[in-house]
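The values are calculated or read from the model by the stated rules, or taken from the named source; none is laboratory data. Since the structure is predicted, the reported quantities are computational estimates derived from the model, not experimental observations. A quick note on method: Cβ atoms are made from the backbone with ideal geometry, for glycine too, and the neighbour counts reach across all protein chains shown. Calculation scope for accessible area: heavy atoms of the full protein, side chains included, ligands and nucleic acids excluded. Shrake-Rupley method; radii C 1.70, N 1.55, O 1.52, S 1.80 Å.
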Amino acid sequence: LTREAEEIGSNGDLARTTLALVGAGVEPRKFAGRNLLRELRARMRRDGSWRGWPNETAFAIMALRAGGAPAGLKQSLAWLREAQNPDGGWGIVPGAPSDPESTGSVLQVLGEGRAQNQAVRYLRRHQRRGGGFTVGASGAVNTQATAWAVQGLIAAGVAPGSVREGGASGLDYIDASQAEDGHFRYSPSSDQTPVWVTGQVLVAAAREAYPLDAAPRRPSQPADRQGGGSSRSFDPPSSDEGEGFDEDGEGSPVGEGSPVGEGSPDVAGSAPTVPEHAAAP
């Protein structure tokens with residue numbers, strides 16, 4: 001990540017890299033000479049969203065919370081609730097048909113309340129036989145979309161094993177997709193992009209949701225020579241109460257920001273370069 005730091009440009013890049021760094025116990029404010037939290041915060045639009053997309057807005061909130069800069073996000077959460085569709089889900093852009101991937105992403109930041117309950121009901125109603133969920137509003141059932149839905153349910157405090165269709169849960173669908181060598185298949189009929197699929201499915205397969213705590217580190221030398229070798233960990237605040245941003249100079253959002261690139265969201269779900277994965281907005 002350090003070697004490729006110059007390639008970190010889009011909202012999704014900033015959010016995903018921040019989540020990865022926090023999970024590795026690395027400070028995102030001082031990474032390769034950059035303050036990723038400040039850069040991500042500067043991309044917030046006046047309405048509280050990132051690029052006007054529910055998925056990107058959810059991941060920006062996740063990253064800022066994980067990095068320890070959760071203040072000033074009430075407007076962003078309010079924007080997400082306003083962008084919720086009448087069926088309880090979220091689409092790729094406001095007003096687009098709801099899909100399990102976007103809905104699962106937003107559920108990981110939403111918190112308790114009416115919007116969360118409606119989103120859980122949406123996922124229950126749109127689960128397919130065999131326990132899986134579809135990419136987009138009407139695409140193929142696959143493990144990546146199922147993983148996002150499972151993570152959303154976990155974040156909402158719903159046991160994903162209790163949400164079943166045709167006698168199977170999302171976890172059953174995911175578990176059944178794992179190959180003998182450990183990787184996860186995209187679907188029963190497709191084994192495309194196995195590294196990418198496995199990377200996205202692992203969190204749900206481990207029964208977790210974002211953000212993840214810093215992973216423990218083993219000392220590279222005996223503890224008595226290193227002085228302990230304890231891992232770096234974060235304890236980010238969970239509340240969005242309070243005014244302004246953190247004391248590290250994140251600053252308030254100004255204008256529309258300058259997101260890099262347009263097209264399909266680049267956070268959850270799948271890239272538009274693989275046609276079977278997702279449709280562009």
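Points to keep in mind about this one:
- Single residue of segment 181-223 satisfying the filter (over 29 Å from A69 (Cα atoms) and not in a loop (DSSP other than H, G, I, E, B)) that is farthest from the chain's Cα centre (by Cα): A223
- Test: residue in segment 158-168 that is buried (at least 22 other Cβ atoms within 10 Å of the Cβ), in contact (Cβ under 8 Å) with a residue 24 or more places away in the chain and part of a helix (DSSP H, G or I): yes
- Of everything listed in (1) over 12 Å from the mean Cα position of the chain (by Cα); (2) of a type in the set (S, T, Y); (3) assigned to a helix (DSSP H, G or I), the single unmet condition for S49 is (3).
- Within segment 136-147, the set of residues being outside any loop (DSSP other than H, G, I, E, B) and surrounded by fewer than 24 Cβ atoms within 10 Å (Cβ to Cβ) comprises V141 only.
- Considering segment 118-135, the residues that are surrounded by 22 or more Cβ atoms within 10 Å (Cβ to Cβ) and among the small types (G, A, S) include one that is farthest from Q200 (Cα to Cα), namely A119.
- Cβ pairs under 7 Å, 6+ apart, first in segment 47-71 and within 14 Å of S105 (Cβ to Cβ) and in contact (Cβ under 8 Å) with a residue 60 or more places away in the chain, second open to solvent by 10 Å² or more (accessible area, probe 1.4 Å) and among the hydroxyl-bearing types (S, T, Y): M62/Y210
- Positions within segment 89-110 being of a type outside the set (G, A, S), in a loop (DSSP other than H, G, I, E, B) and either touching a Leu at 6+ places or on another chain (Cβ under 7 Å) or buried (at least 23 other Cβ atoms within 10 Å of the Cβ) (or both), in sequence order: I92
- Count of segment 53-88 residues which are out of contact with any Lys or Arg (no Cβ under 9 Å at 6 or more places or on another chain), at pLDDT 95 or above and not in a helix (DSSP H, G or I): 5
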